[in-house]
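Chemist: Okay, handing you the structure first.
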Amino acid sequence: MKIPLDRKSREPIYLQIKDKISRLIKSGALQPEERLPSIRSLAQILQVNKLTILEAYSILQADGIIFSRQGSGYFVNKSNMNLTTSTNMKSTFAPAQNVIISESAGNSFFDIHMSAVQAQINERIINFSYGLPRPPQDMALIGRRTITNSIDSLFAYDIPHGQASLRRQVAQLLVQQGLEITADNLIITSGCQQAISLTMQYFLQKDDWVIVESPTYHGAISILENIGARIIGIPMNAEGMNLELLEKYLKSHRPKLIYTISTQHNPTGIATSQSHRKQLLELAEKYQCPILEDNAYEGLNFEPVPPPIKALDKQDLVTYAGTFSKTLIPGLRVGYMVVTGRHYQPLVERKLMDDVHTSTISQAIVSEYLSSGHYRRHRKKLQTENLLCRNLMLQAMEKYFPQEAKWTVPNGGLFLWVQLPDNIDISEIRQQAIKEKVLFASGSAFFPDKQGYPAMRLSFSNTSESEIDLGISILGKLLKKCIYTGCDNYLNQQLLI
Ligand SMILES: Cc1ncc(COP(=O)(O)O)c(C=O)c1O
């Protein structure tokens, strides 16, 4: 096997080897089930230490690209050929492109959060409402070990920036995604929610215009409403935010912030292309409008995604927010923000004023988990499980949903988005579904005016295979009844969970 190495490059040798082998496999030069050279022979051929090869093979194995057979060595994985092709279903999502200028306020973030948390304790409910990861099996053990080994400093006050060791670990993860940053550009936050809140409160004042995707994450809409900002919802199509409309409103309204979820957007699951990211940043530069890039679903993609917008940012216009809520456990409340340039210090000071610092114990548990070396493998496992569940959900929707329903086919994340005909009363469907023990998030919560078009967000991450089929068949039956015989036929009943 020929692997040219650049020994002067800043990229470590083991990563160069890993990348080259990965490319050989993806190009078909190495076939499924083909045996890779042994660690010892490849180390000899490349004139490197055996540990370097072991490191490269371990990453390829964790990524599911190769597998090991005890006593026989390493082989190319059979299922390596793009798992997403296991379903040929294409997205038919193509909503009307209406900009929403928000007038009304409401409380749907609170309502959805409360009903989803309550549904967690109601085991009989099929919960398509909430996006939660399956926690790593060793998390409880790691939590206990962290607390047992905790030094006294973990129980004292800490700096608002976050623990230096955790910031270094997060910086390493982000550098791998293409961000040119160090630990000094990071602030550890109490979840991504706090990163969004701090950033929005920093850039916006009452009555300022702000641009969001429409639909968008309802937790961000709530913060904007609380600030008293005036929200412009730029419609999402299958490619992401409509950039022509974005430019129109950047020119006419001179907003003070663009809030975007570039990768595995909540609620649609869409990830934008490299060129969409580039154009969005160019528009922000042209009109000197800061961007808040929320990447809460980072690392949950089934296929490679382009580097975040922050990786292209040369003018310190982009604040980047991420979290461990979607890949580890949300209850720890550990997120982070990347801030480069002059905005860093004021944002650290705001963090101090907000809650002094993120829980030291939570930070230490996440740090301990990251140093255990299992994080990459755990994310790979989540991706594989989520992909399977996404495919099952899509297949069930093909089988049970009316043809009038259109949906996105996300290449990662936890949700898909279903666009329904205009005459559907989605709150009625939701109430009927709850009576039949199925919970989903009503699309209206994700639009700045709390209406938008009739839609539902379905999470494919929380339910078993049989629940997916049963839950989708119930929803399909309700939708068909509503479309073909009219939603008025339903009895109006109170939401009871
Ligand atoms: C897009 C998006 N951003 C932020 C958050 C909040 O994440 P965290 O639990 O880290 O506060 C969520 C949670 O659902 C989300 O979907």
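The values are calculated or read from the model by the stated rules, or taken from the named source; none is laboratory data. Keep in mind the model is a prediction, meaning the values are calculated, not measured. Here Cβ is always computed from backbone atoms with ideal geometry, including for glycine, and neighbour counts include all displayed protein chains.
Chemist: Out of the residues in the range 36-74 meeting the condition of being modelled with pLDDT of 90 or more and not in a helix (DSSP H, G or I), tell me which one is farthest from Arg7 (Cα to Cα).
Modeler: Gly73
Chemist: Also, quick follow-up: Which residues, counting only those in the range 178-200, are outside any strand (DSSP E or B), in contact with a helix residue (DSSP H, G or I) (Cβ under 8 Å, 6 or more places away or on another chain) and either within 14 Å of the ligand (Cβ to nearest atom) or among the small types (Gly, Ala, Ser) (or both)?
Modeler: Gly178, Ala183, Ser190, Gly191, Gln193, Gln194, Ile196, Ser197, Leu198, Thr199, Met200
Chemist: Go through (1) under 28 Å from Ser273 (Cα atoms); (2) free of Cβ contacts under 8 Å to residues at least 12 places away in the same chain and name the single condition Thr485 misses.
Modeler: Looking at each condition in turn, Thr485 falls short on (1).
Chemist: With Ile232, Ile211 as the choices, which residue is away from the ligand (no atom under 16 Å from the Cβ), hydrophobic (A, V, I, L, M, F, W, C), part of a strand (DSSP E or B) and over 28 Å from Phe460 (Cα atoms)?
Modeler: Details: Ile211 fails: away from the ligand (no atom under 16 Å from the Cβ).
Ile232 is the lone residue from the list that is away from the ligand (no atom under 16 Å from the Cβ), hydrophobic (A, V, I, L, M, F, W, C), part of a strand (DSSP E or B) and over 28 Å from Phe460 (Cα atoms).
Chemist: Here is a check on your reading of the model: is Glu282 surrounded by fewer than 24 Cβ atoms within 10 Å (Cβ to Cβ), more than 14 Å from the ligand (Cβ to nearest atom) and free of Cβ contacts under 8 Å to residues at least 24 places away in the same chain?
Modeler: Numbers: surrounded by fewer than 24 Cβ atoms within 10 Å (Cβ to Cβ): yes; more than 14 Å from the ligand (Cβ to nearest atom): yes; free of Cβ contacts under 8 Å to residues at least 24 places away in the same chain: yes.
Judged against the criteria, Glu282 is a match.
Chemist: Taking the stated definitions as given, is Lys450 surrounded by fewer than 22 Cβ atoms within 10 Å (Cβ to Cβ), basic (Lys, Arg) and not in a helix (DSSP H, G or I)?
Modeler: Numbers: surrounded by fewer than 22 Cβ atoms within 10 Å (Cβ to Cβ): yes; basic (Lys, Arg): yes; not in a helix (DSSP H, G or I): yes.
In short, yes.
Chemist: Go through the range 235-268 and give me each residue that's part of a loop (DSSP other than H, G, I, E, B), within 16 Å of the ligand (Cβ to nearest atom) and out of contact with any Gly (no Cβ under 8 Å at 6 or more places or on another chain). Walk me through it before giving the result.
Modeler: Filtering the range 235-268 down to residues part of a loop (DSSP other than H, G, I, E, B) leaves 238-239, 242, 254-256, 261-268.
Still in the list and also within 16 Å of the ligand (Cβ to nearest atom): 261-268.
Within the range 235-268, Ile261, Thr268 meet the criteria.
Chemist: Checking Gly322 against (1) over 24 Å from Gly143 (Cβ atoms); (2) surrounded by 23 or more Cβ atoms within 10 Å (Cβ to Cβ); (3) within 16 Å of the ligand (Cβ to nearest atom), only one condition comes out false. Which one?
Modeler: (1)
Chemist: Here's another thing I want to ask about it. Quick one: which of Ile159, Ile142 is within 28 Å of Asn185 (Cα to Cα), part of a loop (DSSP other than H, G, I, E, B) and either β-branched (Val, Ile, Thr) or without any contact (Cβ under 8 Å) to a residue 12 or more places away in the chain (or both)? Steps first, answer last, please.
Modeler: Numbers: Ile142 fails: part of a loop (DSSP other than H, G, I, E, B).
The conditions single out Ile159.
Chemist: Now for a different question. Within the range 152-169, identify whether any single residue is within 16 Å of the ligand (Cβ to nearest atom), closer than 30 Å to Lys251 by Cβ, buried (at least 20 other Cβ atoms within 10 Å of the Cβ) and of a type in the set (A, V, I, L, M), and answer yes or no. If you could, list the steps in order and put the result at the bottom.
Modeler: First, pick out the residues of the range 152-169 that are within 16 Å of the ligand (Cβ to nearest atom): 162, 166.
Retained after the next criterion (residues that are closer than 30 Å to Lys251 by Cβ): none.
No: zero hits.
Chemist: Shifting gears a bit: Of all residues being within 16 Å of the ligand (Cβ to nearest atom) and in a loop (DSSP other than H, G, I, E, B) in the range 80-134, which is modelled with the highest pLDDT? Just the residue, please.
Modeler: Residues of the range 80-134 within 16 Å of the ligand (Cβ to nearest atom): 108-117, 119-120, 127-134.
If we keep only those that are in a loop (DSSP other than H, G, I, E, B) too, we end up with 128-134.
Details: Phe128: 94, Ser129: 91, Tyr130: 83, Gly131: 80, Leu132: 82, Pro133: 83, Arg134: 80.
Among those residues, the one meeting the criterion is Phe128.
Chemist: For the range 330-350, which residues satisfy the criterion of being within 16 Å of the ligand (Cβ to nearest atom) and in contact with a helix residue (DSSP H, G or I) (Cβ under 6 Å, 6 or more places away or on another chain)?
Modeler: Here is the first cut: in the range 330-350, the ones within 16 Å of the ligand (Cβ to nearest atom) are 330-338.
Of everything in the range 330-350, those that are within 16 Å of the ligand (Cβ to nearest atom) and in contact with a helix residue (DSSP H, G or I) (Cβ under 6 Å, 6 or more places away or on another chain) turn out to be Leu332, Arg333, Val334, Gly335, Tyr336, Met337, Val338.
Chemist: Of the residues Asp294, Asp316, only one is more than 23 Å from Asn411 (Cα to Cα) and either surrounded by fewer than 20 Cβ atoms within 10 Å (Cβ to Cβ) or within 11 Å of the ligand (Cβ to nearest atom) (or both); which?
Modeler: Details: Asp294 fails: more than 23 Å from Asn411 (Cα to Cα).
Result: Asp316 is the single residue among Asp294, Asp316 that is more than 23 Å from Asn411 (Cα to Cα) and either surrounded by fewer than 20 Cβ atoms within 10 Å (Cβ to Cβ) or within 11 Å of the ligand (Cβ to nearest atom) (or both).
Chemist: Taking the condition at pLDDT 85 or above and part of a helix (DSSP H, G or I), does Ala171 pass? So that I can check it myself, show each step before the final result.
Modeler: Numbers: at pLDDT 85 or above: yes; part of a helix (DSSP H, G or I): yes.
Judged against the criteria, Ala171 is a match.
Chemist: Is there any pair with a first residue in the range 442-470 that is closer than 18 Å to Asn411 by Cα and a second that is surrounded by fewer than 18 Cβ atoms within 10 Å (Cβ to Cβ) and of a type outside the set (A, V, I, L, M, F, W, C) whose Cβ atoms are under 9 Å apart and which are 6 or more apart or on different chains, and what are they?
Modeler: Ser461/Arg134; Ser461/Glu385; Asn462/Gln120; Asn462/Arg134
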